[in-house]
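First comes the structure, then the notes that go with it.
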Amino acid sequence: MKKISTLFAALLLAVTVFDAAASPASAQLKKASDSAAAERLRQPVNLAVLIQDDLVSRVGNELRATADFIRELPAGSTVMVGYIRAGSLQVRQPFTSDLSAAARALRVPVGSTSASPYNPYVQVRDAIKLFPAGGENRNALLLVSDGLDTSRGFDFSSSVDSIDLKRAVSAAKDRGVAVYSFYAPSAGLTSWNSRAVSFGQSALNRVSDETGGRAFFQGSDFVTFNAYFTRLTRTLNEQGGRAY
């Protein structure tokens, strides 16, 4: 009888120890699951992804993160993919609810000054005109750009208060489109000129702020877009509802 009691006590102790060890692991799994859920967009959007074609080639390394973000958008979302380049806006995928097709439309930027646009805001305005009218989805435009406009001079006023930037802001407000921007340097001035970087980032801040979006950058370069997408998702979830 004593042996049975001792065995039972040992068994009870083992079960208690196992439960104690399993509980933190369970809590960690739940926390990770809750965190992953928090990082997914909760409401469908109409999203235009615009990438400046003369950005440094390292931007091509971020295609997977960008494609994953597109594929994980909520059901009911539509996506357009376009490239801002010399002469025109290249639309590789018009607005579609086929998120996998939109993700496949991404390509590595040319990464050369031969593809440099007149300035990014002319094509931003062109893209805004392509958003579907009506509907319940928030309209959002993700601009991946160095933000620099030197078409009318290389000073703060010409770059940050440019005519085309103001026209893009006006078009975005009229169409109800919030512009969110990721900064990345181009193969031109912003790859080596700190003043150009400052002008470009200030312009991105302005176009995003004035349309109800947000600009994301850190320092004069970037390491990865992963953190930007996390912050973008959090921002969109916090804002909720429809665009500006």
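The values are calculated or read from the model by the stated rules, or taken from the named source; none is laboratory data. All of these numbers come straight from a predicted model, not from anything done at the bench. Neighbour counts run over all protein chains shown; Cβ positions are idealised from the backbone, glycine included.
Can we say VAL59 is in a helix (DSSP H, G or I) and either surrounded by fewer than 16 Cβ atoms within 10 Å (Cβ to Cβ) or modelled with pLDDT under 50 (or both)? So VAL59 does not fit the description; no. Which residue is surrounded by the fewest Cβ atoms within 10 Å (Cβ to Cβ), if the candidates are limited to region 195-237 and must be of a type in the set (A, V, I, L, M) and assigned to a helix (DSSP H, G or I)? Ranking the candidates gives ALA227 first. Residues of region 85-106 that are under 16 Å from the mean Cα position of the chain (by Cα) and either surrounded by 22 or more Cβ atoms within 10 Å (Cβ to Cβ) or of a type in the set (D, E, K, R) (or both): ALA102, ALA103.
Against the condition in contact (Cβ under 8 Å) with a residue 40 or more places away in the chain and either farther than 28 Å from VAL223 by Cα or part of a loop (DSSP other than H, G, I, E, B) (or both), how does VAL169 come out, does it pass? Criteria met by VAL169. Among the residues of region 117-125, none qualifies, meaning not one is aliphatic (A, V, I, L, M) and in a loop (DSSP other than H, G, I, E, B). Flag: SER186 matches the condition of being at pLDDT below 95 and either among the small types (Gly, Ala, Ser) or buried (at least 19 other Cβ atoms within 10 Å of the Cβ) (or both). Test ARG71 against the stated conditions and say whether it is more than 20 Å from PRO185 (Cα to Cα) and at pLDDT 95 or above. So ARG71 fits the description; yes. Does PHE131 satisfy the criteria of being of a type in the set (Phe, Trp, Tyr) and buried (at least 21 other Cβ atoms within 10 Å of the Cβ)? Spelling it out, PHE131 is indeed of a type in the set (Phe, Trp, Tyr) and buried (at least 21 other Cβ atoms within 10 Å of the Cβ).
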